[in-house]
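Participant: The structure's right below; bear with me while I get my questions together.
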Amino acid sequence: MITILKTVNGMQQTLDVPEKGCWIHLTAPTIDEILEISKVTNTDAEMLKTALDDEERARIEFEENTTLIIVDIPYVLVDGKTTVYNTLPLGIVQNEDYIITVTLVESPLIMMFLDQKIKDFYTNKKTRFVFQLLYRNAAMYLRYLRNIDQSSNTLHGEMQKSYRNKELFKLMALEKSLVYFSTSLKGNEIVMEKLMKVNFIKKYPDDEELLDDVIIENKQAIEMCSIYRDILSGMMDAYASIISNNLSIVMKFLATITIVISLPTLVTSAWGMNVNVPWSDTPTGFIIVSSIAIGVTVLAAFWLWKRKMF
């Protein structure tokens, strides 16, 4: 899908065909759409295809007055009742006349700009627009990280009541999301630091200040991600230990009960043999044997209780 936006007299207008100074956004484009935009904007089609590989690493390239910036952006995938956070590449292609963005799926980050929710956003200020994208991207990471922290706190409360596989699977999904975020944020950090150093992208003082803010936000997201990963990893280890300890307690209790129950059987079976045994001819023999069995059982249970086996 192709969406074209251009700033005219300070207002954003949607266009049917590209014009100089416009922003072109491609969402899961077809080959025909890529070739069409490549021809109109005089851009290498391979650059436009780069972001369509979901394993593409974050980087920056410059070739023939065209800049390619690849960064990872977060997105949310809801699988049934489980929310999974992942990342995907965002391709930003910039030349003298156009700025083109490419994503595999519709992203909330891009929709902020398409829906004109961002102030001081102008398609003709290409460098500032790129830095605004990066800033909002870092802010979105922070928001999703807070959501992950809230979800882990909710799961912590649920698991204090009962230890079920469902909660453990959710914790594993959150931990997996943090791994994706950590890897992507570190890759984005390298791109931003390179943007600060390169000279082939024209930057004004306000742009450099905005890029500084982007780098700070991204570093904060990296730190938060690291903290939440450590907390979640510690929580998983603690729950594993608790579950293992609970299992040991249950097995110990069952073993103790088995010992106590087996004692009456052991005593009474001795008087069940087809040989002469004490009190076999006595009317009170049953009572005596039963008393011995009960006495042995009570003594064993008391001894095990003193040893804190119950």
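The values are calculated or read from the model by the stated rules, or taken from the named source; none is laboratory data. None of the values given here were measured: they were computed from a predicted structure. Note: ideal-geometry Cβ built from the backbone for every residue, glycine included; neighbour counts use all protein chains shown.
Participant: Give the residue that is modelled with the highest pLDDT, with candidates limited to residues of the stretch 63-81 that are surrounded by fewer than 14 Cβ atoms within 10 Å (Cβ to Cβ) and part of a strand (DSSP E or B).
Facilitator: Of everything passing the filter in the stretch 63-81, V76 is modelled with the highest pLDDT.
Participant: A further question on this structure: Just one of the numbered conditions (1) surrounded by 15 or more Cβ atoms within 10 Å (Cβ to Cβ); (2) assigned to a strand (DSSP E or B); (3) in contact with a Leu (Cβ under 9 Å, 6 or more places away or on another chain) is not true of T7; which one?
Facilitator: (3)
Participant: Restricting attention to the stretch 17-30, which residues are crowded, with 18+ Cβ neighbours inside 10 Å, under 32 Å from the mean Cα position of the chain (by Cα) and part of a loop (DSSP other than H, G, I, E, B)?
Facilitator: P29
Participant: Could you check, for the stretch 264-279, whether at least one of its residues is more than 30 Å from S184 (Cα to Cα) and in contact with a Ser or Thr (Cβ under 6 Å, 6 or more places away or on another chain)?
Facilitator: Checked against the condition, which is being more than 30 Å from S184 (Cα to Cα) and in contact with a Ser or Thr (Cβ under 6 Å, 6 or more places away or on another chain), the stretch 264-279 yields at least one hit.
Participant: Tell me, yes or no, whether the stretch 31-40 has at least one residue that is among the small types (G, A, S), over 17 Å from N137 (Cβ atoms), surrounded by 12 or more Cβ atoms within 10 Å (Cβ to Cβ) and touching a residue at least 24 places away in the same chain (Cβ under 8 Å).
Facilitator: No, the stretch 31-40 contains no residue that is among the small types (G, A, S), over 17 Å from N137 (Cβ atoms), surrounded by 12 or more Cβ atoms within 10 Å (Cβ to Cβ) and touching a residue at least 24 places away in the same chain (Cβ under 8 Å).
Participant: Can you pull out the residues in the stretch 238-271 that are farther than 19 Å from L299 by Cα, modelled with pLDDT of 80 or more and touching a helix residue (DSSP H, G or I) at 6+ places or on another chain (Cβ under 6 Å)?
Facilitator: Matches in the stretch 238-271: none.
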